[in-house]
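Colleague: To start, I am sharing the structure in question, which I have written as structure tokens.
Just so it is clear, none of the values below were taken in a lab; they were calculated from the coordinates. All values derive from a computational prediction rather than experimental measurement. Glycine gets a Cβ as well: all are built from the backbone with ideal geometry, and neighbour counts include every protein chain shown.
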There are 4 protein chains.
Amino acid sequence: MTALADQLRGATVYDLEQPRYHGMPIYPTHKPGYFYALYRRHRDSYKPEQHGPRTSAAGVLTMMEHAGTHIDALCHQSCGLKLYGDVPAETVETPAGFTQLGVETVPPLLGRGVLLDVAGWKGVGRLPDKYSVTGDDLRACAAKQGVEPRAGDVLLVRTGFATLWHDEEAYLRAAGVAKSGTLWAAERGVIAVGADNMSWDVPDERDPETGATLFGHVYLLPQKGIYIIENVNLERLAADRRWTFAFIGIPLKLNGATGSPFRPLALV
Amino acid sequence: MTALADQLRGATVYDLEQPRYHGMPIYPTHKPGYFYALYRRHRDSYKPEQHGPRTSAAGVLTMMEHAGTHIDALCHQSCGLKLYGDVPAETVETPAGFTQLGVETVPPLLGRGVLLDVAGWKGVGRLPDKYSVTGDDLRACAAKQGVEPRAGDVLLVRTGFATLWHDEEAYLRAAGVAKSGTLWAAERGVIAVGADNMSWDVPDERDPETGATLFGHVYLLPQKGIYIIENVNLERLAADRRWTFAFIGIPLKLNGATGSPFRPLALV
Amino acid sequence: MTALADQLRGATVYDLEQPRYHGMPIYPTHKPGYFYALYRRHRDSYKPEQHGPRTSAAGVLTMMEHAGTHIDALCHQSCGLKLYGDVPAETVETPAGFTQLGVETVPPLLGRGVLLDVAGWKGVGRLPDKYSVTGDDLRACAAKQGVEPRAGDVLLVRTGFATLWHDEEAYLRAAGVAKSGTLWAAERGVIAVGADNMSWDVPDERDPETGATLFGHVYLLPQKGIYIIENVNLERLAADRRWTFAFIGIPLKLNGATGSPFRPLALV
Amino acid sequence: MTALADQLRGATVYDLEQPRYHGMPIYPTHKPGYFYALYRRHRDSYKPEQHGPRTSAAGVLTMMEHAGTHIDALCHQSCGLKLYGDVPAETVETPAGFTQLGVETVPPLLGRGVLLDVAGWKGVGRLPDKYSVTGDDLRACAAKQGVEPRAGDVLLVRTGFATLWHDEEAYLRAAGVAKSGTLWAAERGVIAVGADNMSWDVPDERDPETGATLFGHVYLLPQKGIYIIENVNLERLAADRRWTFAFIGIPLKLNGATGSPFRPLALV
């Protein structure tokens, strides 16, 4: 085991999480999204005669699961009110969350990650607003990079919008992945996909066949059981041209919740 | 890199996080601690003519940072109103959190972990209520197990109270680590310590020298810069007698917060 | 109008609200119930060169509607999934609350209030734990007091448990009103009923006819359109033997919510 | 007493509260302000064999005290870190709120109210953006209306911005009361002032003498002990030319909080 511990300690670590603060971009339906209040200050507990020199501070967090860098649980989306495995949504919904397919059932993601830097491949710092990354784009980008996503991998797609994290309005106009791109990713057998945007999909797009908005969401989660990772910061990884790496992403076991904030890492 | 990715994928994973739910044990000063409300149900967004078959569900979380399995940031404790590095507490406190030493400054913990199973070494399933694990206990237990915590390791101490996670009252009577145990751990140069209890320390104990309650807190965080991990579940790891392992613990970058929930893993 | 303003200003005011704080009694299903965090302190905004001498402080509240002294909206309860007026519950439920019969539809309650001091009539400071106040009790108490609730009145029933507000466990064993008491109250045509306990009803009781728990809740709200007021403090009013008075109770217009905290007053 | 009860029941009631919902205007420093989540739906508790036909629904509220129509407690503002009565702010601040001058110390406001319809007097539906209502304006408006605020009254000033409650950006540009207007109001000896805007004052203005922003806040609360009421809806009252009326405003006793939502009424 020392071998693995030593490798972990010696690895170069790329932190793929965006910082969390009130004011970071939030998808409209997940507002207010995130609020932290520091209410216990050190001076409050400073009573040397009673507790010696020790004091303590703490805060309270109000947060939607889909705020900041996070992973979607399978229960987050339904197709025709059926969750993954054809579970009828309303049989597993409770006030305290889902009794099946909640985010506590998502295993730690530990394995290979692949980055497809579509913006880089196109030779731009950032794709055009709401640009829709197709399956052909992904295929060509992978070929150019000389990588191939394989079964069990985590596939990360870079649009270049991570640098706009400080600007909600601009960030919410991010490029995303088209239906054909989602299908191509799913065919690779990946365990999870992710992107440096709010929703993997381009919010305004609609699947002409079913009329579904956010095709990736309705396809990957309830139909294929593939997790979606959002608001990943891929800038440093792309700058260093790390197309494959060890990926570590560990959701919290928030019982019954539809997603979890997490801090994914890429190790090389 | 494939080497590391493959090792991660092939490893046996021990999940050290306790499940999170309203009703889990919470330290009195961190009440109410944790509450999740699923308010968007799938049926709410089921409008096939508008969105096709796709529907979405989501909830809202109210949470103190020190609820559930978590890591303490250095700003969580002061010694005489000084934080680690002699930073005066009130110069860095704001309503939105700390401007220095917040949990976003804690690096991902990736390296070697060592388990000292004090309960197991004593031949009991669980140490007596409020038993105080001394430096001698830790030294003897390490010797018996044939392990030695080294600089940079994460040191985990097992009291056996993890099995009482469903019972707040019983769990809050857990054994903890005495002043001498804390000193012994710090002398080893570890980067973080943790235990299967609410507060590493035994809450009622007092350092006779300074009068401080929770000696480990006032010593490790503001004086030594050593992180504290709480409410770790060490049962399976102990059952399998895994005394050393690769440790992965990745706090969220909650800007300015005094701690972060996380899901530590042990890999062998 | 000066007449009314002068009367209001000159009246003796009985404050029927219990104080609100983290730790006050909360019904189990409404936990955590209430939490206030003062996070903006005055010193935080003290920058004389920028804002002159002015500073500001503020906090954040997390609260269930049924915490503390409050009034139930008609949407709070259903009978067989039908709300008042035979509205099917699920046609008016949304993530943001009810589109009909929410607490914003409750008018300010301004009119006559009647107190039936059942504990006083029985000659005890407090009724026995879980004592169930019958219709006969209410009738006899009213006769003894020489009062008669009339159409449009607010009827308040005193059990004597208000003095246990500091002790959740004891308070939750309060006496309440039996089915026959609820029926008697409804026959009087009152606009609202209230009591100095958590739930008007005795939680453990069951209507033998329908099997319903909390008969008053299933009868008054969805069937009769009569509001229920909970956790009223009737001690001073009873001590002064004020059996009738002007009642003022003004719910907040929390759109779609199932109840509202409020501070009812009795004026004489 | 029947007299008063009958008068209350017979009065014409003007509801001065704005509706409360996620999306209503919030002052920037009080964001996110207001969020209600209905998480317990009726169907969740529908188990006829166990509970008969009764079901229950409930939600959870996250709210700043200064969201929506509300009243400021004296502890909300300091002048040079002194609260009303020269109380040093930091001696009464705790994580759970203020130990003195919290909103639970504000009495129910019951007495005479006076409306000065400045917009109406100027012959406009709404004053210009950020118009600053002077003492001369108030004096002239009162003379024109033939009313005179007296000691103990609640003085309400109409800018006409209440109709923009659905539009945060426009509402936050509301007119307010100038330093001279605040001084004139305080000299009348009123118990509270209020306006149909976010902050009584014009946010951008600065007292040339002290440099203070929000002069009304730093003068009325910590120096004069006069309460401030914000986001009052005065439209109907003005349309009916009700210049004086019985005012009822009853804050919640939120222990230690810096303000309270409430629903003020004008009765004629």
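Colleague: Across region B:21-27, in residue order, what do the Karplus-derived ³J(HN,Hα) couplings come to in whole Hz, using 6.51 cos²θ - 1.76 cosθ + 1.60 with θ = phi - 60° and x for Gly and Pro?
Modeller: Whole-Hz 3J(HN,Hα) from phi for region B:21-27: 6, 5, x, 5, x, 10, 5.
Colleague: Whole Å is fine, so just give me how far the alpha carbon centre of region D:108-171 lies from that of region C:41-86.
Modeller: 26 Å
Colleague: Additional query: How far is C:GLY189 from the same spot in each other copy, in nm, shortest first, if each label point sits 7 Å from Cα toward Cβ?
Modeller: For C:GLY189, the other copies' label points sit at 4.5, 7.8, 8.8 nm, shortest first.
Colleague: If contacts are Cα pairs under 8 angstrom and at least 6 residues apart, what is the relative contact order of chain D in percent?
Modeller: Numbers: 620 pairs, mean separation 77.0, N = 268.
It rounds to 29 percent for chain D.
Colleague: Between region D:192-237 and region A:184-228, how many Å separate their Cα centres?
Modeller: Going from one Cα centre to the other spans 51 Å.
Colleague: Can you tell me how region A:96-206 classifies by the Cα gyration tensor, rounded, prolate or oblate, using a/c under 1.5 as the rounded cut?
Modeller: On the way: a/c = 1.80, a/b = 1.17, b/c = 1.54.
Oblate, since a/c reaches 1.5 and b/c is not below a/b.
Colleague: Identify, among D:ALA96, D:VAL177, D:TYR46, the residue whose Cα sits farthest towards the positive end of the charge dipole of chain D, taking +1 on the Cβ of Lys and Arg and -1 on the Cβ of Asp and Glu, with the dipole about the Cα centre.
Modeller: D:TYR46
Colleague: Further, regarding this structure: Considering only the label points, 7 Å along Cα→Cβ from Cα, what distances in nm to one decimal separate C:GLY125 from the same position in each other copy, shortest first?
Modeller: 4.5, 6.2, 7.5
Colleague: Here's something else I'd like to know. Between copies, how close do the A:PRO203 label points come, placed 7 Å along Cα→Cβ, listed in nm from shortest?
Modeller: So the label point of A:PRO203 gives 2.3, 4.3, 4.4 nm to the other copies.
Colleague: Turning to a different aspect of this structure: Given region B:127-252, what percent of its DSSP beta bridges are antiparallel, to the nearest 5?
Modeller: Working: 1 of 10 bridges.
Around 10 percent antiparallel, to the nearest 5.
Colleague: What does DSSP give for the protein assembly as shown in terms of the percent of beta bridges that are antiparallel, rounded to the nearest 5? Working shown, then result.
Modeller: Working: 142 of 203 bridges.
Looking only at bridges with both residues in the protein assembly as shown, the antiparallel portion is about 70 percent.
Colleague: Another question about this same structure. Can you tell me the equivalent ellipsoid semi-axes for region A:1-60? Use √(5λ) from the Cα gyration tensor, largest first, whole Å.
Modeller: Numbers: eigenvalues 228, 160, 12 Å².
Largest first, region A:1-60 gives 34, 28, 8 Å.
Colleague: Calculate the spin-label point distance for B:GLN50 paired with B:ARG150, positioning each point 7 Å from the Cα along the beta-carbon direction, and give it in nanometres.
Modeller: If labels sit at B:ARG150 and B:GLN50, their model points lie 6.1 nm apart.
Colleague: While we're looking at this one, here's another question. In whole angstrom, how long is each semi-axis of the equivalent ellipsoid of the protein assembly as shown, when you take the square root of 5 times every eigenvalue of its Cα gyration tensor and sort them from largest down?
Modeller: On the way: eigenvalues 512, 225, 198 Å².
One finds semi-axes of 51, 34, 31 Å for the protein assembly as shown.
Colleague: Right, next: Which shape class applies to chain B: rounded if a/c is under 1.5, otherwise prolate when a/b exceeds b/c and oblate if not, where a ≥ b ≥ c are the square roots of the Cα gyration tensor eigenvalues?
Modeller: Prolate.
Colleague: Select from region B:126-182 those chymotrypsin sites (Phe, Trp or Tyr not before Pro) which occupy a DSSP coil region and have at most 13 other Cβ atoms within 10 Å, ordered by residue number.
Modeller: On the way: sites: B:TYR131, B:PHE161, B:TRP165, B:TYR171; in loops: B:TYR131, B:TRP165.
Counting only loop positions with at most 13 other Cβ atoms within 10 Å, none of the chymotrypsin sites (Phe, Trp or Tyr not before Pro) in region B:126-182 qualifies.
Colleague: How many nm separate the modelled label positions at D:ARG241 and C:THR94, each set 7 Å beyond the Cα in the direction of the Cβ?
Modeller: 3.9 nm
Colleague: Under the rule of at least 5 residues apart or a separate chain, name every residue whose amide H is placed under 5 Å from the amide H of A:HIS70.
Modeller: Long-range HN contacts for A:HIS70: A:GLU230, A:PHE262.
Colleague: Going 7 Å from the Cα of A:ASP6 in the Cα-to-Cβ direction, what parts of region B:112-142 have a backbone nitrogen less than 14 Å from that spot?
Modeller: The answer is B:112.
Colleague: Right, here's the next one. Enumerate the amide H contacts of B:GLY97 below 5 Å, restricted to partners 5 or more residues apart or on another chain; note that Pro and chain-start residues carry no placed amide H.
Modeller: Hits under the 5 Å cutoff: A:LEU38.
Colleague: What Rg and what Dmax come out for region C:158-265 when only alpha-carbon atoms are used, in angstroms?
Modeller: Here Rg and the maximum Cα pair distance are 14.2, 40 Å.
Colleague: Shape verdict for region B:1-115, please, from the Cα gyration tensor: rounded (a/c under 1.5), prolate (a/b greater than b/c) or oblate. Before the final figure, lay out the partial values.
Modeller: Numbers: a/c = 2.14, a/b = 1.36, b/c = 1.58.
Oblate, because a/c is 1.5 or more while a/b does not exceed b/c.
Colleague: Now for a separate question. Amide H of D:GLY111: which non-local residues (sequence gap of 5 or more, or other chain) have their own amide H closer than 5 Å, using H built in the peptide plane?
Modeller: Counting only residues 5 or more places away or on other chains, the set is D:PHE247.
Colleague: Count neighbours as other Cβ atoms within 10 Å of each site's Cβ, and list the GluC sites (Glu not before Pro) in region B:167-246 that are DSSP loop with at most 14 such neighbours. Walk me through the numbers on the way to the answer.
Modeller: On the way: sites: B:GLU168, B:GLU169, B:GLU187, B:GLU205, B:GLU209, B:GLU230, B:GLU235; in loops: B:GLU205, B:GLU209.
Here the GluC sites (Glu not before Pro) that fit, given the DSSP loop and packing criteria, are B:GLU209.
Colleague: Enumerate lysine pairs in chain B that are 8 or more residues apart or on different chains, then count those whose Cα atoms are under 26 Å apart.
Modeller: Here the count comes out as 15.
Colleague: Each residue of region B:41-51 in order: what ³J(HN,Hα) in whole Hz does its phi give by Karplus 6.51 cos²θ - 1.76 cosθ + 1.60, θ = phi - 60°, with x for Gly and Pro?
Modeller: 9, 4, 4, 4, 10, 7, 9, x, 5, 9, 10
Colleague: What's the minimum Cβ distance from chain C to the axis relating it to B, in whole Å, and which residue gives it?
Modeller: Residue with the nearest Cβ, plus whole-Å distance, for chain C: C:PRO32, 2.
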